Structure formats: C-alpha cells, structure tokens
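Shown next, in structure tokens, is the structure this report addresses.
The values are calculated or read from the model by the stated rules, or taken from the named source; none is laboratory data. Note that the coordinates shown come from a computational prediction; the quantities given were computed from them, not determined experimentally. Note that each Cβ is placed from the backbone with ideal geometry, even for glycine, and that neighbours are counted across all protein chains shown. Please note that ligands, DNA and RNA were not included when accessible areas were found on the heavy atoms of the full protein model with its side chains. Shrake-Rupley method; radii C 1.70, N 1.55, O 1.52, S 1.80 Å.
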Amino acid sequence: WDANTCDMQKEYLSVAESYDGFVGMSCSEVEYGAATQGGYPLSMLCAKQIGETDFREYNYIVVPYCTQDVHIGDSFDVSYEDGSTIHHAGAHNMMSVLRWVFRNFPNPSHIFLTGCSAGGTAVPVAYSVLDRHYNTLLRGGRNVQINAIMDSSVYLTPSYFLQNYFPNWKPESLVKKKLHFNFDKYQYQENY
C-alpha cells in the first residue's frame, strides 16, 4: 500500500455518512436499516449461524486499513528511499477502536474477531488486548469468551525486512507496553 493505492481504494476505507446511525447495532438491525437506505445487501457474517453461534445479533466493527504496518505501527511521517512518506499509525487506530469497544460494550458475553491479510495479522494483538481488558482479576475475573478466525495473515517475515524496515513502524510501543512481549529479545527473529 502507498498513497496511490490508498487513494484508489478510499471508497473502501470509509463508510457513507448515511450509515452513521447504524454504528454499534447488531447485524439484523443493520440489515433492516440497509434495506431502508437503498437496499444494498450485506455479506459479512450476517444471517449466518456457525455451530451454536448465531451472528445475526452480533455487533460488527469494521476497521479499514491503509497504514502499511499490519495495525501495529506507531510512527508518523516515515520517509522512504522512493520519496514516499507513510504514516504508520496502525497501533493508534487499533487502540482507538478498542477504547471505543470498551466504552460501548462494558460487559460482552462473547467476542468474535476475524481478519484477513494485515487484518488477520493484527487479530492476535487485538485478542490479547481484549482478553487483558475483559478477563483480568482487576475486572472481577470475568470469563468473556473470545474466538478468532484469521485468513491469509502475514507472519513469514524475512530477517532483511525485520532489520531494515520493521523498525520504521515503531511497533514496540504497542507490543511492549500493551502486550508485555519481550520485543527487545525477539524483534529480529523470523520465528516470532
């Protein structure tokens, strides 16, 4: 992703303002509202049941992506050899979404995460932050079930990238502070 590809895809990176009233609603509520806003069908997990889980009454939160940092970057205005400047703000975006989730869903019974490509790569990070928030002794030792599906996640990272480009994202602010992962020890190891 770069400025050109993000600009070409910008209609997918935002939702029409006419849908603002549906933020935080369940899938069945959104489907009804979408039908009244032009009849566009929704194809997420709406009207689907997987096992005993009926996703029609789940709330959906879609996090668009165009920061080139698999949702973990914390570095603004990074200049590259080709003259491009990238805002690796994925960690800020993810944490903003999660803070909104914490405020608006203080007592969920079940959380289901899914993502593909960069979104799939971020699922374990979001899972860890959600688990720490909802399932800690400080929060009364609740037991919120959290499940995840990842598709085409990006984990096979060569050491050249880890040493020469990964530091540009400054992922340590999220990985060390929020996940308490020993980033300094493992940051250049391909198997982490």
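Below, the figures for the structure above:
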{"item": "Simple spin-label estimate for Arg132 and Asn168 in nanometres, 7 Å along Cα-Cβ", "result": "2.7"}
{"item": "Residues Asn59 and Ser159, FRET efficiency given R0 of 41 Å [Cβ-Cβ distance, rounded to 0.05]", "result": "0.55"}
{"item": "Other-chain or far-sequence residues with amide H under 5 Å of Ala148's (modelled H)", "result": "Leu113"}
{"item": "Order by protection proxy (mean Cβ within 10 Å, highest first), peptides 111-124, 172-185", "result": "111-124, 172-185"}
{"item": "Segment 113-130 - phi-based ³J(HN,Hα) in whole Hz, Karplus 6.51/-1.76/1.60, Gly and Pro as x", "result": "9, 8, x, 10, 6, 4, x, x, 4, 7, 4, x, 5, 4, 4, 4, 5, 5"}
{"item": "Note, ³J(HN,Hα) from phi for segment 158-163, Karplus 6.51, -1.76, 1.60, rounded to Hz, x at Gly and Pro", "result": "x, 4, 4, 5, 4, 7"}
{"item": "Sites Gln145 and Ser96, calculated FRET efficiency, Cβ-Cβ separation with R0 22 Å, nearest 0.05", "result": "0.35"}
{"item": "Gyration tensor (alpha-carbon) shape descriptor, segment 48-167, a/c threshold 1.5", "result": "prolate"}
{"item": "Sequence-distant residues sharing a close amide H with Arg142 (under 5 Å, placed H)", "result": "Thr136"}
{"item": "Extension reserve of the Ser117-Asn104 stretch, reckoned as 0.36 nm per residue once the Cα distance is removed", "result": "2.0 nm"}
{"item": "Computed accessible area, Trp100, all protein chains, 1.4 angstrom probe, square angstrom", "result": "70"}
